[in-house]
1. Scan segment 105-128 residue by residue and report those that are under 15 Å from Gln84 (Cβ atoms), open to solvent by 90 Å² or more (accessible area, probe 1.4 Å) and part of a helix (DSSP H, G or I).
2. Does Glu85 qualify as being among the acidic types (Asp, Glu), under 11 Å from Met13 (Cβ atoms), over 11 Å from the mean Cα position of the chain (by Cα) and assigned by the TED database to the domain that holds Ser126?
3. Only one residue in Ile68, Ile110 is over 30 Å from Lys35 (Cβ atoms) and among the aliphatic types (A, V, I, L, M). Which one?
4. Here are some residues: Thr36, Thr22. Which one is of a type in the set (S, T, N, Q), open to solvent by 60 Å² or more (accessible area, probe 1.4 Å), over 24 Å from Val135 (Cβ atoms) and modelled with pLDDT under 85?
5. I'd like to verify a number: residues in segment 58-79 that are at pLDDT 90 or above and of a type in the set (Asp, Glu), how many?
6. Testing Cys102 on (1) in a loop (DSSP other than H, G, I, E, B); (2) open to solvent by less than 70 Å² (accessible area, probe 1.4 Å), one condition comes back false. Which one is that?
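The values are calculated or read from the model by the stated rules, or taken from the named source; none is laboratory data. For clarity, every value in this text was computed on a predicted model and none was experimentally measured. Positions of Cβ are generated from backbone atoms using ideal geometry, with glycine treated the same way; all protein chains shown enter the neighbour counts. Areas reflect the complete protein model, heavy atoms only, side chains present, ligands, DNA and RNA absent. Shrake-Rupley method; radii C 1.70, N 1.55, O 1.52, S 1.80 Å.
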Amino acid sequence: MGKKFLIVGHGGMLTNWPTTETRLQKFRGLRTEQKTGAVTWGLNHLLKRDATMLKRQLSHLQTYLGEIKYMTRLPDIIIIVDQQEEYTALRECITLGIPTICLIYTNSDIDLTDILIPANDDAVASFQLILYKVVEIP
């Protein structure tokens, strides 16, 4: 997922979903072209300048969209580990009506989340265990 949010992406990613989806399609297309060799990267078929620009664009898209590259629609639910850090993502979820599961620590606002799990959001082992249990399939 994006550079800023582990699960949600950059601020505005959800509320600007049509734009995000267009960028994801462009990213997938460039990756496919690169993998299949439809565009010969840096060889005779492309000028060196064009190949460099495409590589730079692909790198930029990978940085910001690489972790959500398989996302095809808005999520049904979002898990937020640090409510304070991911406040923008939380507000987007509220705006769009997407339910949230938040790991709540003493400095969190319990009124902003749909499902809360009391936990220390600073302890990596704590939220790894909780997230593992949340996604565990019986």
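1. If the condition is that a residue be under 15 Å from Gln84 (Cβ atoms), open to solvent by 90 Å² or more (accessible area, probe 1.4 Å) and part of a helix (DSSP H, G or I), then Ile110, Asp111 are the ones that fit.
2. Numbers: among the acidic types (Asp, Glu): yes; under 11 Å from Met13 (Cβ atoms): no; over 11 Å from the mean Cα position of the chain (by Cα): yes; assigned by the TED database to the domain that holds Ser126: yes.
Here the answer is no, as Glu85 does not meet what is asked.
3. Details: Ile68 fails: over 30 Å from Lys35 (Cβ atoms).
Within the list Ile68, Ile110, the selection yields Ile110.
4. Working: Thr22 fails: modelled with pLDDT under 85.
Among Thr36, Thr22, only Thr36 is of a type in the set (S, T, N, Q), open to solvent by 60 Å² or more (accessible area, probe 1.4 Å), over 24 Å from Val135 (Cβ atoms) and modelled with pLDDT under 85.
5. Residues in segment 58-79 being at pLDDT 90 or above and of a type in the set (Asp, Glu): 1 in total.
6. Unmet for Cys102, out of (1) in a loop (DSSP other than H, G, I, E, B); (2) open to solvent by less than 70 Å² (accessible area, probe 1.4 Å): (1).
The rows are residues; the columns are (1) open to solvent by less than 80 Å² (accessible area, probe 1.4 Å); (2) assigned by the TED database to the domain that holds Thr113; (3) modelled with pLDDT under 90; (4) over 26 Å from Asp114 (Cα atoms).
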| site | (1), (2), (3), (4) |
| --- | --- |
| Asp50 | yes, no, yes, yes |
| Val81 | yes, yes, yes, no |
| Glu92 | yes, yes, no, no |
| Leu96 | yes, yes, no, no |
